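The values are calculated or read from the model by the stated rules, or taken from the named source; none is laboratory data. Everything numeric in this text was worked out from a predicted model, so none of it was measured. Cβ sites come from the backbone with ideal geometry, for glycine too, and all protein chains shown count toward neighbours.
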Amino acid sequence: MRITRIKKRDGRELPFEKAKIQSAVERAQRAAGIDDEQAARDVADIVEMALTRRYFGEGRVVANAARAVPGIEEIQDLVEQALVELGHAAVAKTYILYRDRRAQIRAAEAEEAAHAVGADATRTARGPRVQVSGGLEAWRRSRIVAALMDETDLPRARAEEVALRVEERVFALGVKRLSTALIRELVDNELVELGLSQALRRHRPVGLPRHDLRRLLGTGRRDAARATAAQHEPSADVTARVAGEILRRFALEDVLTETAAEHHLSGEIHVEDLEYPHQALWSSIPCEHLLRGTPSVRAAFDMLDEVAEAARATSRGIVLEGGEALVAALAKSSRSGSLPAFLSALSAVACASGRRVDLHLAGHPSAALSALIEECAALEDEGRAQWGPRIFVDAADLLHSVEAPPAPTLSRAVETLLARGRLVPTWSSARRVCVGPGSPRTARERGVLHSGGAVALNLPRAARRAGPWREDALLENIALNVEAALDALVALRDFQRNSSTRTFERRGRVTYALTPVGLREALRWLCDGEVRSESAERVVAFVFEAAARFAAARGLDVVVTPYFGEAAAVRFASLDAELFHVAQPLLFEGAAPGASGARGGDPYSCGFELASADPGAASTALLPAQAGIARAIEYGAFHPPSLLAALSSPSAPQPALDALLRLERARSRPRTGTHALYALPPLLGEHDDPDSNHAAPVAAHAHASQGLYSDPDPSRSGLS
């Protein structure tokens, strides 16, 4: 026999649910900074087994099984005992402290209720009525005491002092009805007068002024910067806009640290999608996790409901990986139009959920890749691909499929998709494969990948503060910004781990991203209007090395990616136009205030883009530098689409494809050793020096022997 019911403290009997025990242990784990789902499950199993043995085990016979109803206190005692015996002392302590605080809150409520029917009954009766969501309730000071103890962790004596002061003010007003919002304002006022700033921070509500709410209700789309960044996102409904604004304010006040929030607000960094701090930006999911059975036409359409669910669990979208067999089955189906119908269905899912649904095809070129590209191009030509999937594919495989055997139709389709950003060429290494935005996959990894958050770096501001020809100062400023960005990502990671909600619908490895913004503009400020390839490669490699070393010190899995920077590019340019004044605007294209937009110049460049938006000789001359940056990066993508457009030759019959071909050939050439990088201090354990501090702000050091990409031949190494 098994336990089926439990008894609450008020005498009610409810069904026994083992999952609630596991959930309570998981909350205690998160409060203790621990994430171990299996341990929580083990504790729940042990408690259930202990209850079964206590009431039914060891030959014990229960005359009336209905009397085998344990109380909630008995169950919680068993949870404490199980945690201690399993060696989870930190979790047990957190659990015990939580129980003790809840017991004090109940005691305060019970004592106040006793006073309400005793000598203070008359005082309570003449108090005002409180307007709550369910109607009107009688005034009870104990509610304030319980709320302060629960929300702000104030001791009972201090909470009662605040509640008494609030009650005196309320009774002095002589009102007959008041709202809970007004009571909160009165409580906050008392917290300010008593100097309880930390309690005030925890107690203060996150809301919207009526003016802002009316503005959101009257806005058809989000603000211009957000709309530019989220071209994948349709016009959000009123609920989504209001919820997003409230979550953004909550994230700035409660998720990020005060320093990280200050860096974000001032424009040193930009934390992406603060409207969704509890969700991943992107998820990369192998198709085998979604398919029901072998790849077929029916299986492809049957998995669409899970695709929609997975997409809604992110703030931007998902990438379906390894769909070669599925695409091949759709292309070879006897039912004509199966592949176009499936692509249209993916577009409908993306449009309905407001999230992108993209595809990644791996392996050597195949008929499946060719068929997918041609069908996507056909949808693009018909104007039905606004929400169609982008295709992530290795650049070498893509070029090979176009060149051998010759396929003019496929070449035209590739050109169309490259020019419009529907086809995203990537490159990878033997260790890691680029499968989507901010989601590198290791060689033998088969699980789900999540990009938990991203922070953009304001490189032009770092360059302006350093001054012309001060590359060492620029790298020092970048190092400080990288550390600030990583601190923000650590706060975001901790919040997602400790959130009581289910953060990610599908469990998997979580990475976080850094996105350089304004690389071209920063280099122009550094070199008096020029973009020098040597400086470009050093700056990019320094960002990668600083991110890797500082992230390792924080236990954070971070990638540097060209994605996620569109909103930051608009915001940074607007803020910097007000902060800095350009003395020589002709040297710095798009930097003059008022060049475009209401508040500043053109948006900064995103990612690793060096060339300007206008194609020509000056742009194509930067091809070696663009290829050098790609060589310095283990994996990545040729993104944004304007990168290929800027490097293309106007005279070429297929400009985008020609630019990709030349860029990939230049990237694949062996790297020369002409650029030794500024090296960061080594990580602990790399050398025998125990005093090396890899987590402190670093200055750039010109040591060719320690350069990350220095040539083996010392005679060829040196700083440019």
* Filtered residues of region 433-452 (kept if in a strand (DSSP E or B) and farther than 14 Å from S284 by Cα) -> none
* To do: Evaluate the following for R464: is it crowded, with 21+ Cβ neighbours inside 10 Å, out of contact with any Gly (no Cβ under 9 Å at 6 or more places or on another chain), modelled with pLDDT of 90 or more and over 24 Å from V307 (Cα atoms)?
  => yes
* State whether the residues of region 403-421 include one that is at pLDDT below 85 and in contact with a strand residue (DSSP E or B) (Cβ under 9 Å, 6 or more places away or on another chain). => no
* To do: Scan L164, L200, L182 and give me the residue that is buried (at least 17 other Cβ atoms within 10 Å of the Cβ) and assigned to a helix (DSSP H, G or I).
  => L200
* Taking the stated definitions as given, is T52 farther than 23 Å from D153 by Cβ, at pLDDT 85 or above and among the hydroxyl-bearing types (S, T, Y)? -> yes
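Condition check ((1) over 30 Å from L480 (Cβ atoms); (2) among the small types (G, A, S)) across all residues:
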position	(1), (2)
G267	no, yes
Y276	no, no
C287	yes, no
L291	yes, no
D302	yes, no
* What are the residues in region 306-354 that are out of contact with any Lys or Arg (no Cβ under 8 Å at 6 or more places or on another chain), under 17 Å from L449 (Cβ atoms) and assigned to a loop (DSSP other than H, G, I, E, B), if any? -> G322, G323
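Results for (1) crowded, with 24+ Cβ neighbours inside 10 Å; (2) outside any helix (DSSP H, G or I), shown as yes or no for each residue.
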{"residue": "P516", "(1), (2)": "yes, yes"}
{"residue": "E521", "(1), (2)": "yes, no"}
{"residue": "V539", "(1), (2)": "yes, no"}
{"residue": "F544", "(1), (2)": "no, no"}
* To do: Being basic (K, R) and farther than 19 Å from Q386 by Cβ is the filter here, so list the residues in region 314-347 that pass it.
  => K332, R335
* Structure fact -> Condition set within 27 Å of the chain's Cα centre (by Cα) and of a type in the set (D, E), scope region 307-356, selection surrounded by the most Cβ atoms within 10 Å (Cβ to Cβ): answer is E321
* Do the conditions hold for A456, that is, is it out of contact with any Pro (no Cβ under 6 Å at 6 or more places or on another chain), modelled with pLDDT of 95 or more, under 25 Å from V255 (Cβ atoms) and outside any helix (DSSP H, G or I)? -> yes
* To do: Kindly list the number of the only condition in (1) surrounded by fewer than 22 Cβ atoms within 10 Å (Cβ to Cβ); (2) closer than 18 Å to L330 by Cβ; (3) within 25 Å of the chain's Cα centre (by Cα); (4) not aliphatic (A, V, I, L, M) that fails for P389.
  => (1)
* Unique residue being at pLDDT 80 or above, more than 34 Å from the chain's Cα centre (by Cα) and of a type in the set (K, R) when the list is R184, R141 -> R141
* Every residue from region 467-482 that is buried (at least 24 other Cβ atoms within 10 Å of the Cβ) and not in a helix (DSSP H, G or I) -> none
